[in-house]
1. Put H415, H315, H342 in order of accessible area, largest first, 1.4 Å probe: what do you get?
2. I'd like the Karplus ³J(HN,Hα) series for the range 291-307: coefficients 6.51, -1.76, 1.60, θ = phi - 60°, whole numbers in Hz, and an x wherever there's a Gly or Pro.
3. Nearest 10 degrees is fine. How inclined is helix 440-453 to the longest principal axis of the chain, computing both from alpha carbons?
4. Using helices alone, what [θ] at 222 nm do you get for the chain, with -39,500 (n - 2.57) per DSSP H run of 4 or more residues, divided over all residues and rounded to the nearest 500?
5. Above 17 Å lies some portion of the pair distances; for the range 495-571, what is it as a whole percent of all C-alpha pairs?
6. Under 1.5 on a/c is rounded, so check that first for the range 473-524, then, if it is not, pick prolate when a/b is larger than b/c and oblate when it is not; a ≥ b ≥ c are the square roots of the alpha carbon gyration tensor eigenvalues.
7. With +1 on each Lys and Arg Cβ and -1 on each Asp and Glu Cβ, how big is the dipole of the chain about its Cα centre, in debye rounded to the nearest 20?
8. Considering only the other residues whose Cβ falls under 12 Å of the Cβ of K534, what net charge follows from Lys and Arg at +1 and Asp and Glu at -1?
Amino acid sequence: MSDSTNSSFGFLSNWKFSLAVGVPCFAVGLGATYYFYSKSNNKNLRPHEPTAKHDIEGNNVDRKPLVSNGIDSNTVKVHKPTPSEQVEEFKKQGNAEFTKQNYDAAITFYTQALSMCPLTEKGLLSTLYQNRAAAYSKLNNNENCVADCDKALALVPTYKKALSRRARALTELGNFKLALEDITAVVMLDEFKNQPDIMFADSVIKSLGKQNLEEYTKHNAFNLPTKIFIENYLKSFSEDPFNDEFPQTLMKSEVNTGLELALKCINDKNYEQIEDACKEELNKTDNSLIRRTLALNLLATFSILRGNYATGVEHLTTVIESSGVPNKLVINSLIKRASVYHQQEQVEKSFEDLKRAENIDPNSSEVFHHRAQIYLLEMNSEKAVEEFKRAVELNPKFILSNVQCCYAQYLHAKHTSNELDTEKFLNKLKGFIIKYPDYAESYTLYAQALTEKGAYEEADSLFKKVYEIYPENATLLVHRALVVLSWKSSISEAFTFLQQAIKVDPKCDYAYETLGTLYIQTGKLEEAVECLEKAVPLSKSEKELLHIFSLRDSARAQLAVVKRLGLTPQL
């Protein structure tokens, strides 16, 4: 998952907040993934339509009338339709049958017209192929529809109706990659003015993303997040069962296998070895219930962090349903499972687990703290404030609950347009920086609030200061990049911060994601694709991976259209 905050605040749903520091061009959605283009040569943007005027019988109506005083002085001549006029007549008949929903008959007429149409009439030929494709489409004959669209577009590459029709037929055939290229071409040629096409393009991106996700997960496993993210996630549990006497005693032992090794790895921040150590513990046949359930919980935690939700939920459920497990460990397992359910958009099951945890211990601040975070992710600031207040009441020494409670109060005041309370809680957030000068969350949440207010210079100074305290946290540089875009519209400074972030932490997927999006917005599509490709293996969840795929596939499609149609950036 993108490490968009310096805490677990956005754990498992972070990209809902990943661009919250306020850069409009980075809003998640299709519009943010397109760059505007213009055609360098406007000739032949649309297929040539026949210009000769014909009456309903197909006769030329532009002839000069016969001069007569009641007696014909000239021999009456019968007009013989030209080949082009005959083609037009068949086309009209085909259109008439199409309107009557007689699609087979329409195809017959279009085919007759095509057989007679001069090869020099490229515009007319293209129209006929497109019309026949439309009839095939109505008959759900997508293969023939695509074939006729191919012929129409070979004649007139910018024929929007043919591009749109082929895109829809390709979607029905499951070829989402080429469908996305075609509908992207339509959207770009229309200068992003046709909302239905934009919405269709968005649906194609989602379908392609799911297809890519299925293929990717067959051959690849998700990676662990950055050390900064893991460390802050683990610190988000104020009543962590691994801080109890028994686990701490194991950590101090001279044994370096199984659970003991896993606990030492946590202490040493050697996170990559934890899962193997837990599996070693679980393979033992003589270990106690507490050892097994601690190992299962820890293995589940890192499975979830790696994006392997099914395994994580399975292990947590075993802990939860085992009799004789300490309440604190069961509550911790329920909270973690609730987080997974929320990530999977099973909101009701998420709240059920948190309620179950509350029933075990109504005075567990942990339950209220994490439920408040979920309410905040659900954009329910009122409920979030209630839960955070209860968490602080039960555990007033837990700094994270105090700071996030204040931020939730600020958000709620802002949402309810209470200006006095907005300023009150904004000042209170500022006070946390003075009270907790070494606590990163104080800086990041206050800076985020300032950014929303438009106080970009002060926000940037805060991100700069907290980065000096935590120079290994590359995410703070990404925040600075987003701030300077809003503040100064400085693309060059933003690029500098993002490139610096990648140097500080080559695993910072948030930096690659933001840099790739910025490349798209500036028309540097090849660089965007390359950058977003690097973000793919760094993704830690299916949801995040789908988001990265949507950005990458959009850039790929635009790049293909630019090369195919000879478009140039409209700078």
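1. H415, H315, H342
2. Along the range 291-307, the couplings run 5, 5, 6, 5, 5, 5, 5, 5, 5, 4, 4, 7, 5, 5, 4, 7, x Hz.
3. 40 degrees
4. Result for the chain, helices only: -21500 deg cm²/dmol.
5. So the pairs more than 17 Å apart make up 44 percent of the total in the range 495-571.
6. Judged from the Cα gyration tensor, the range 473-524 comes out oblate (a/c at least 1.5, b/c at or above a/b).
7. Dipole about the Cα centre, nearest 20: 1520 debye.
8. Result for the neighbourhood of K534: -3.
The values are calculated or read from the model by the stated rules, or taken from the named source; none is laboratory data. Please read these numbers as outputs of a predicted model, since none were measured by experiment. Cβ coordinates were reconstructed from backbone atoms using ideal geometry, including for glycine residues, and neighbour counts include every protein chain displayed. Remember, those area values only see protein heavy atoms, side chains included, never the ligands or the DNA or RNA. Shrake-Rupley method; radii C 1.70, N 1.55, O 1.52, S 1.80 Å.
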